[in-house]
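**Q** Below are the structure tokens for one structure; questions will follow.
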Amino acid sequence: MRVAHVLIFPLPIQGPVNCMLKLAELLCLHQEIHVTFLNSEHIQQRLVNCTDVEIRFKKYPNFKFMTIPDGVAEDNPRTGDEVRNVVKGVEDVSSPMLREMLTSGLLTPYSLTCLLVDGIFTFALDIAKEVGIPLLYFDTISPCALWTYLCLPKLIEAGEIPFKGNDLDTLVNNVPGMEGVIRRRDLPSFCRETDLNNPTIQRIIKEGKHIVQAQGLIFNTFEGLEGPILSQFRTLCPNIYSIGPLHIHLKKSLSSPKTSTSNSIWKEDMSCIDWLDEQPKKSVLFVSIGSVATMSKAQFLEIWYGLMNSKTRFLWVQRPGSVIGLEENNDIPMELSKYTKERGCIISWAPQEEVLAHPSIGGFLTHCGWNSTLESIVEGVPMICWPYFVDQQVNSRYVGEVWKLGLDMKDVCDRDIVEKMVREIMEVRKIEFLERGREMRNLAIQSVNEGGSSYKDLDRLVEDIRLMRI
Ligand code: UDX
């Protein structure tokens with residue numbers, strides 16, 4: 001039998017793995033497409049421990065997991081700046097193994113017909129050429145953030161980077177399509193580096209050169225949200241597949257859409273849903289900084305005091321290890337603990353998609369990782385954006401200034417500002433943000449409905465992958 005066989009290889013961190021698994025499942029709904037999902041050993045172990053992913057994917061005879069070491073020490077936290085070790089580990093350790101795997105025909109039962117990998121894996125271009133198969137890059141961050149990455153050489157050439165002077169509010173001129181929108185502070189965090197030889201800057205420049213050479217570029221977004229930026233991309237890389245929001249695209253395509261599609265690498269605490277059931281409609285602020293971001297103890301306390309002073313109910317994900325310098329929970333001032341007992345709920349990991357869809361949720365204080373941002377947009381939940389690093393700085397600017405779906409708190413962590421922003425989102429401008437959220441939510445849903453832009457792009461992607469059969 002002639003089948004298409006795709007190898008999917010995500011960056012081994014929560015956001016990208018989640019996204020790529022969703023795409024893998026969507027592809028597996030087509031029997032003539034076989035998918036091998038290459039996970040790092042570390043991620044696979046955690047997925048298996050925390051979800052029913054193995055059982056869930058057993059129903060697809062055309063799906064198979066494979067694992068590979070990622071070269072990162074087991075005791076490395078893989079969070080904060082340490083996450084760079086994950087990218088480096090994959091480059092140094094996983095990539096030669098991948099090359100070996102593909103050139104020695106280790107993938108069975110069908111030979112590989114397409115490589116589909118994270119956009120940051122520049123090494124994949126050479127491997128695909130060597131093996132003689134097409135390469136599709138899936139960049140799981142937002143196109144608006146990736147577009148600023150691609151413009152980095154232009155920004156350097158024009159002398160806009162490194163920044164001259166300390167004024168982060170200066171507008172940036174050399175990102176086409178973002179004139180008058182993006183300030184220095186809204187550029188990806190690595191643009192604040194003064195040394196252009198910095199490994200992250202060099203890696204990003206390399207990524208920009210590579211991704212436009214692939215056969216196609218996949219995005220987890222939709223035209224109604226990022227149409228103008230997608231048009232900019234098409235000037236460099238005409239074959240764009242904009243197929244998001246993937247999590248609702250998948251739910252819509254499954255025969256039993258109520259089944260869990262969780263790909264969490266922490267155990268989800270479902271008790272928070274019972275707690276949410278008891279709260280008034282749209283009264284709870286959800287607080288989470290995702291899987292990688294960290295905060296100092298001082299920032300942690302500022303946020304907590306801001307929440308308490310706003311008198312808002314909150315559901316807060318305090319991921320183990322995410323607060324640097326916090327020794328014990330008994331380190332917390334009594335008044336904060338007392339307020340939390342009355343109006344708060346703290347857990348270590350949430351079923352986030354379900355939480356955001358809950359009628360009691362009225363706002364989301366988020367780090368603006370791309371998955372979290374999209375999940376919030378899909379549920380029409382207004383956001384307070386507190387970006388941590390890389391792409392998140394751009395996403396938060398778009399949420400606040402372009403899409404008008406919330407407020408951007410970047411570079412600030414002060415209890416008075418937190419209180420003010422929480423009140424704005426949850427009370428003062430609640431109706432305005434909810435209405436705007438509803439409009440964007442409708443566009444998101446339309447895009448994955450039959451005939452919608454993401455629906456059509458996924459169809460085209462499936463068709464193109466089928467044609468890659470050899
Ligand atoms: C990483 C990068 O740091 C970020 O810059 C990039 O945009 C995406 O990947 P991450 O922290 O993984 O960020 O954020 P995000 O993309 O938001 O993904 C987190 C995922 O974990 C989301 O799908 C979210 O639903 C899930 N999650 C988060 C949970 O299921 N439960 C939680 O408690 C928190």
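Rundown of residues vs (1) within 16 Å of the ligand (Cβ to nearest atom); (2) polar (S, T, N, Q); (3) within 25 Å of T113 (Cα to Cα), yes/no style:
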site	(1), (2), (3)
A4	no, no, yes
I13	yes, no, no
N18	yes, yes, yes
V72	yes, no, no
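**Q** What number of residues within segment 270-300 satisfy the criterion of being touching a Pro at 6+ places or on another chain (Cβ under 8 Å) and within 11 Å of the ligand (Cβ to nearest atom)?
**A** 1
**Q** Follow-up. Within segment 346-367, is even one residue of a type in the set (A, V, I, L, M, F, W, C), over 23 Å from the mean Cα position of the chain (by Cα) and either within 28 Å of V83 (Cβ to Cβ) or within 16 Å of the ligand (Cβ to nearest atom) (or both)?
**A** no
**Q** Let me ask something else. Yes or no: segment 185-196 includes at least one residue that is of a type in the set (F, W, Y) and under 19 Å from I156 (Cα atoms).
**A** yes
**Q** Just checking, which of I182, I240 is farther than 21 Å from G15 by Cβ and more than 16 Å from the ligand (Cβ to nearest atom)?
**A** On inspection, the qualifying residue turns out to be I182.
**Q** Being in a helix (DSSP H, G or I) and surrounded by fewer than 24 Cβ atoms within 10 Å (Cβ to Cβ) is the filter; apply it to segment 373-398 and report the residue that is farthest from the ligand (Cβ to nearest atom).
**A** The residue in question is V378.
**Q** Can you tell me which residue within segment 5-53, out of those that are in a helix (DSSP H, G or I) and among the acidic types (D, E), is surrounded by the fewest Cβ atoms within 10 Å (Cβ to Cβ)?
**A** Checked segment 5-53; the qualifying residue surrounded by the fewest Cβ atoms within 10 Å (Cβ to Cβ) is E41.
**Q** Report yes if some residue within segment 370-382 is closer than 18 Å to C19 by Cβ, touching a residue at least 60 places away in the same chain (Cβ under 8 Å) and among the charged types (D, E, K, R); otherwise report no.
**A** Among the residues of segment 370-382, at least one is closer than 18 Å to C19 by Cβ, touching a residue at least 60 places away in the same chain (Cβ under 8 Å) and among the charged types (D, E, K, R), which makes the answer yes.
**Q** So which residues in segment 263-276 are in a loop (DSSP other than H, G, I, E, B), out of contact with any Leu (no Cβ under 9 Å at 6 or more places or on another chain) and of a type in the set (A, V, I, L, M, F, W, C), if there are any at all?
**A** W266, M270 - these are the residues of segment 263-276 that are in a loop (DSSP other than H, G, I, E, B), out of contact with any Leu (no Cβ under 9 Å at 6 or more places or on another chain) and of a type in the set (A, V, I, L, M, F, W, C).
**Q** Take segment 220-241 and flag every residue that is surrounded by fewer than 18 Cβ atoms within 10 Å (Cβ to Cβ), part of a loop (DSSP other than H, G, I, E, B) and touching a residue at least 24 places away in the same chain (Cβ under 8 Å).
**A** Passing the criteria: L236, C237, N239.
**Q** Among what's in segment 242-262 and is at pLDDT 95 or above and not in a helix (DSSP H, G or I), pick the residue that is surrounded by the fewest Cβ atoms within 10 Å (Cβ to Cβ).
**A** Here the residue is S242.
**Q** Another one. Scan segment 109-128 for residues that are surrounded by fewer than 21 Cβ atoms within 10 Å (Cβ to Cβ), in contact with a Lys or Arg (Cβ under 9 Å, 6 or more places away or on another chain) and closer than 22 Å to P61 by Cα and jot them down.
**A** Answer for segment 109-128, where residues must be surrounded by fewer than 21 Cβ atoms within 10 Å (Cβ to Cβ), in contact with a Lys or Arg (Cβ under 9 Å, 6 or more places away or on another chain) and closer than 22 Å to P61 by Cα: just Y110.
**Q** Still on this structure: Mind checking which residues of segment 116-171 are touching a residue at least 40 places away in the same chain (Cβ under 8 Å), assigned to a helix (DSSP H, G or I) and farther than 21 Å from L461 by Cα?
**A** Once the filter is applied, which keeps residues that are touching a residue at least 40 places away in the same chain (Cβ under 8 Å), assigned to a helix (DSSP H, G or I) and farther than 21 Å from L461 by Cα, segment 116-171 yields C144, A145, W147, T148, Y149, L150, L152, P153, I156.
**Q** So P61 clears everything in (1) surrounded by fewer than 16 Cβ atoms within 10 Å (Cβ to Cβ); (2) farther than 23 Å from T140 by Cα; (3) at pLDDT below 95 except one condition, right? Which one?
**A** (3)
**Q** Could you give me the residue pairs with C-beta distances under 7 Å whose first residue belongs to segment 292-314 and is over 24 Å from S360 (Cα atoms), whose second residue is aromatic (F, W, Y) and within 16 Å of the ligand (Cβ to nearest atom) wherever it lies, and which are 6+ apart or on separate chains?
**A** Filtered contacts from segment 292-314: A293/Y388.
**Q** Would you tally the residues in segment 301-315 being surrounded by 21 or more Cβ atoms within 10 Å (Cβ to Cβ) and either part of a helix (DSSP H, G or I) or within 14 Å of the ligand (Cβ to nearest atom) (or both)?
**A** Qualifying residue count, segment 301-315: 8.
**Q** Same structure, new question: Any idea how many residues of segment 32-71 are acidic (D, E) and either without any contact (Cβ under 8 Å) to a residue 12 or more places away in the chain or in contact with a Gly (Cβ under 6 Å, 6 or more places away or on another chain) (or both)?
**A** The qualifying residues number 2.
**Q** Can you give me the number of residues within segment 227-241 that are in contact with a Pro (Cβ under 6 Å, 6 or more places away or on another chain) and of a type in the set (S, T, Y)?
**A** 0
**Q** Against the definition (more than 30 Å from L27 (Cβ to Cβ), in a helix (DSSP H, G or I) and more than 13 Å from the ligand (Cβ to nearest atom)), how does L326 come out, yes or no?
**A** So L326 fails the test.
**Q** Confirm whether R78 is assigned to a loop (DSSP other than H, G, I, E, B), surrounded by 14 or more Cβ atoms within 10 Å (Cβ to Cβ) and touching a residue at least 60 places away in the same chain (Cβ under 8 Å).
**A** For R78, the condition - assigned to a loop (DSSP other than H, G, I, E, B), surrounded by 14 or more Cβ atoms within 10 Å (Cβ to Cβ) and touching a residue at least 60 places away in the same chain (Cβ under 8 Å) - is met.
**Q** Looking for something crowded, with 24+ Cβ neighbours inside 10 Å, assigned to a loop (DSSP other than H, G, I, E, B) and within 16 Å of the ligand (Cβ to nearest atom) - is there at least one such residue anywhere in segment 410-423?
**A** No - not one qualifying residue is present in segment 410-423.
The values are calculated or read from the model by the stated rules, or taken from the named source; none is laboratory data. Small disclaimer: the values here were computed from a predicted structure and weren't measured. Backbone-built Cβ (ideal geometry, glycine too); neighbour counts: all protein chains shown.
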